[in-house]
Amino acid sequence: EMEDIIKEQTQAYILNEAERLGTHIDVEVTLSDSYPPEPKQVTMTGSVSPYQKQCISQYLAQYMGIPQERQIWN
């Protein structure tokens with residue numbers, strides 16, 4: 001249950017940031033095995049401009065603690 005809440009909230013934050021930037025993406029968050037679980041990796045699918053991708057990547061790294069090497073773009 002806690003894992004579902006963390007996953008859903010993390011995805012919602014990312015989707016809100018994408019929407020703020022004028023784009024729509026699909027997001028899948030993978031959580032760590034630690035307790036409490038933390039976002040470990042994010043897979044994003046959608047058509048984004050290089051600027052939007054850069055902004056979302058920076059947001060994930062700076063505010064969510066997910067470095068670029070754990071951000072997968074499809």
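The values are calculated or read from the model by the stated rules, or taken from the named source; none is laboratory data. Since we're looking at a predicted model, the values are computed, not measured. Cβ atoms come from the backbone with ideal geometry, glycine included; neighbour counts cover every protein chain shown.
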> Going through the stretch 24-43 one residue at a time, which ones are in contact with a Ser or Thr (Cβ under 7 Å, 6 or more places away or on another chain) and either closer than 14 Å to Q71 by Cα or modelled with pLDDT of 95 or more (or both)?
Replying inline: I25, D26, E28, V29, P39, K40, Q41
> What are the residues in the stretch 14-64 that are in contact with a strand residue (DSSP E or B) (Cβ under 8 Å, 6 or more places away or on another chain), of a type outside the set (A, V, I, L, M), under 15 Å from N74 (Cβ atoms) and without any contact (Cβ under 8 Å) to a residue 24 or more places away in the chain, if any?
Replying inline: D26, E28, T30, K53, S57
